[in-house]
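Here the structure comes first, spelled out in structure tokens, and everything after it is commentary.
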Amino acid sequence: IIEQVQDDVEKTLESEIDDGAPYEWKKLMKSSCQAEYYENLPKTAQTEITKWREKRMFLLEEKCNKELALKLNEAGLERNSKRFGRALVKSNCAKGRSSSEAMLSIWSENEEQYSMLKEGNALRVQNVLVRQSLHEGRLQLTVNKWTPMEVLGTLLKSPHLSKSMGFEKRKFLSAIRMNLLSRKIGKAGPRSVECRKDFLGVVLHWGQNEYKVSIYLTDESGMLCRVERDAMQVDRDPLQSQWHKLEKCSILSFRDLKVLPFDEIEGCGVAQWTQSSSFTKKSPRFEEVQRWMKSTSGKNKICAVADYLEAGYSRSFSALTKVGYIVKFSRDCALSNASPLTVWVDSANDKNLLPFKFPILLLDSLAAIISTDLIELEPEELSKMVQDLGILFHFSLRNFDGRLEVVKLSPANIRALLKLQSHMASGV
């Protein structure tokens, strides 16, 4: 109910606030290509638009909160919340000493403070509250709207200082770049340096289990990326509530994602939402992807990648997957009931039966699929039971000691496989 009321209030207030907008802003909103129009404006007009955008955001939030409180009061509802801002800050230490990062939270920030929180600004902040515990290895700093703050300068005018502090202007990476970075970090292993990047993509799928929430995205490249977060930390991070408002084929712009090692099983680059991550609004990259998404080729590619994902296949050449029927099980060592099993699979694309190493622990997954306890069964009994059910399985594999080993199995999605065949036939 609250979200519906908020959407209605925002639509009404946006038009009211924009009545008092500068002339160039109104022309920008009517332009068919806003990014190109903005780039062609003189610097004075660009500055005017930037200032109005910041003021508009504050006016909209302030009026929306008042109007929303009134609407909720009329409906007999109540909402108590506080606005807050958050910024990742870094100290400029003496030569020879490493700089340290901290997360600065500003509760109920005022308009002047908000205008200071621009990336690259050097700030002096007084009377800062330091929390006792670190989070993600960072200091936690807290201030409020009465905290004295002043801007000392900007790193954007000092390339040398920007480089020494690790500051670089933001740029949204493509799915290809995210996949390459993810592979690079995976190869570096534990010695890899933490890497945080911005990424923008089209939502294909959203899923959750007891441990994590995952979003699968793609872009013009057709490559797949997975952005995930800890499912247990939603109450600690108010920004994560936006994850529950996702829609398929919407465009998401992430900032400060932590790049993780490449997932060889799903064949996708992986990034993690952390405390310093956030969503951002429209950008030139957003408009570029939006135009592609609305094109015929874009729609076809999005459908194709979504069907690959649903069918359990990846467009990555490194991902190993097979679909087929289980014909029989055999034990690697007949003298030991604890020795690994071998599963023999009949796959339509292969002439001979395919032998895969089948870890004993995966019997629990198989038992859950067929709703039967399998631990005490001999390989012959297990083979007959699974054969009689006639289930088409999807196998995720990996190379292990020169053999292919099953790491995950599930019932194959036949509808998605049929759609996938159609895409392959059309060459998408």
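The table that follows gives values for the structure above.
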| item | result |
| --- | --- |
| Positions within region 212-226 being of a type outside the set (Ser, Thr, Tyr), open to solvent by less than 10 Å² (accessible area, probe 1.4 Å) and farther than 14 Å from Ser182 by Cβ, in sequence order | Val213, Ile215, Asp219, Gly222 |
| Test: residue in region 71-82 that is open to solvent by 60 Å² or more (accessible area, probe 1.4 Å), farther than 27 Å from Arg291 by Cα, at pLDDT 75 or above and not β-branched (Val, Ile, Thr) | no |
| Some residue of region 91-102 being at pLDDT 75 or above, in a strand (DSSP E or B), in contact with a Lys or Arg (Cβ under 8 Å, 6 or more places away or on another chain) and among the charged types (D, E, K, R) | yes |
| Evaluation of Ser297 against (1) at pLDDT 80 or above; (2) of a type in the set (Gly, Ala, Ser); (3) open to solvent by less than 20 Å² (accessible area, probe 1.4 Å) (one fails), failing number | (3) |
| Hits in region 404-428 - residues which are out of contact with any helix residue (DSSP H, G or I) (no Cβ under 9 Å at 6 or more places or on another chain) and modelled with pLDDT of 85 or more | Leu404, Glu405 |
| Matching residues, region 373-404, being in a helix (DSSP H, G or I), open to solvent by 60 Å² or more (accessible area, probe 1.4 Å) and not hydrophobic (A, V, I, L, M, F, W, C) | Glu380, Glu381, Lys384, Gln387, Asp388 |
| Of all residues making up region 351-372, the number that are open to solvent by 40 Å² or more (accessible area, probe 1.4 Å), without any contact (Cβ under 8 Å) to a residue 12 or more places away in the chain and either of a type in the set (A, V, I, L, M, F, W, C) or in contact with a Gly (Cβ under 8 Å, 6 or more places away or on another chain) (or both) | 2 |
| Residue in region 44-59 that is modelled with pLDDT under 70, among the charged types (D, E, K, R) and under 21 Å from Lys281 (Cβ atoms) present | yes |
| Members of region 310-327 found to be open to solvent by 40 Å² or more (accessible area, probe 1.4 Å) and modelled with pLDDT under 90, listed by number | Glu310, Tyr313, Arg315, Phe317, Ser318, Leu320, Lys322 |
| Test: residue in region 239-252 that is farther than 21 Å from Leu309 by Cα, at pLDDT 80 or above and either part of a loop (DSSP other than H, G, I, E, B) or open to solvent by 20 Å² or more (accessible area, probe 1.4 Å) (or both) | no |
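The values are calculated or read from the model by the stated rules, or taken from the named source; none is laboratory data. Since the model is a prediction, treat every value here as computed from it, not as a measurement. Backbone-built Cβ (ideal geometry, glycine too); neighbour counts: all protein chains shown. Surface accessibility is based on the protein's heavy atoms, side chains included, excluding ligands, DNA and RNA. Shrake-Rupley method; radii C 1.70, N 1.55, O 1.52, S 1.80 Å.
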